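Each value in this text was obtained by applying a stated rule to the coordinates, not by laboratory testing. Predicted model, so just to flag it, every value in this text is computed and none were measured. Cβ placement follows ideal geometry from the backbone for every residue including glycine, while neighbour counts extend to all protein chains displayed.
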Amino acid sequence: MLTLVDRRFFRTLATGHVRNGVAEIIKMAVTDDPMLFALMEEYGPALVESHFATLVGGESLGAIADEVIYRALYAYMKHEGTNMFETYQDRPHAYGHTWSPRFEPAAKLMHGHAVSIGMAFGATLAVEMGWLPPGDRDRIVRLCQAMGLAVHHPILTNLELMVEGQKNMRRKRGDGGLWAPLPTGIGACDYAQEVPPALLERAIAAHRVYCEQLADGGAGREMYLSDLGLA
């Protein structure tokens, strides 16, 4: 009935919860809005630490915070506002939400971290499919890490669980295919109708190897429910 969009509410949140919300902003930046992505690259860490300029930051950072929130909401509603009952499955805002609904509860991850892991893995899958330049995958991963979000978790290597997640999502999306949003560049995406087990396994292995050279193996800050006292 009513949505209140007022960033002053953010001052009451733990920083870990602000970080979780930022994952949903990043998904819209990757799939729909390159300017939003650029803003997050430049100002994202400051927005998280300042709780979107509600603790410190002044008018200049506040204006950036307002622009980021507006762009994220606009990008989301541009696609979902005319599709509230999910009649159509070409939904860019489902990026990061194809495999994560299965591995998130299994690993007891915070939702934002599960989404960012799903986004980073999806970017590697897109590289394996020839849809995304490796440099763009690197930018997506770097942005998530700059926010303190996770980009890998060992649970991804559980192929049986990942295949099960695909089956669950295929049922949810109407058995017309997987419809997994995958980036084709910064600010653009396409949809994978199917991801065969062999391709899935190859992408899982490639993402594991890629993340091994990252700080902490791609782990994030406060990534588990217990870290914020929720489990």
### Task
Evaluate the Kirkwood expression for the hydrodynamic radius of the chain, namely the inverse of the mean inverse distance over all pairs of different C-alpha atoms, and round to one decimal in Å.
17.8 Å
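Could you please rank I155, I26, placing first whichever residue has the fewest other Cβ atoms within 10 Å of its Cβ?
Numbers: I155 18, I26 25.
Ordered from fewest to most neighbouring Cβ atoms within 10 Å, I155, I26 come out as I155, I26.
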### Query
Mind listing the Cα extents of the stretch 1-105 along all three principal axes, in Å, largest one first?
42, 31, 30
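Based on the inverse mean of 1/r over its pairs of different Cα atoms, what is the Kirkwood hydrodynamic radius of the stretch 87-206, in Å?
Details: mean 1/r = 0.0709 Å⁻¹.
Evaluated on the stretch 87-206, it is 14.1 Å.
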### Query
Say each of M84 and V209 gets a label point 7 Å from the Cα, pointing the same way as Cα to Cβ; how far apart are those two points in nm?
4.8 nm
#### Entry: Two-site label geometry, L228 and D216: point separation in nm, points 7 Å out along Cα→Cβ
1.5 nm
### Query
Relative to the first principal axis of the alpha-carbon coordinates of the chain, what is the inclination of helix 197-212, with its axis defined by its Cα atoms, in degrees from 0 to 90 and to the nearest 10?
50 degrees
#### Entry: Calculated [θ] (222 nm, deg cm²/dmol) that DSSP helices of n ≥ 4 give over the chain, each run adding -39,500 (n - 2.57)
-18000 deg cm²/dmol
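Treat the count of other C-beta atoms within 10 Å as a stand-in for reagent exposure and order V56, V195 from fewest to most. Working shown, then result.
On the way: V56 10, V195 22.
Exposure proxy ranking, most exposed first: V56, V195.
In terms of the Cα gyration tensor, with a ≥ b ≥ c the square roots of its eigenvalues, is the stretch 12-61 rounded because a/c is under 1.5, prolate because a/b exceeds b/c, or oblate? Don't skip to the answer; put the middle values down first.
Numbers: a/c = 2.94, a/b = 1.40, b/c = 2.10.
In terms of gyration-tensor shape, oblate.
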### Query
Which whole-number percentage describes the relative contact order of the stretch 13-228, with Cα contacts under 8 Å and a sequence gap of 6 or more?
27 percent
### Task
List every residue whose amide H lies under 5 Å from the amide H of C189, counting only residues 5 or more places away in sequence or on a different chain, with H placed 1.01 Å from N in the peptide plane.
T184
### Task
Fewest Cβ neighbours within 10 Å first, please rank H51, H79 accordingly.
H79, H51
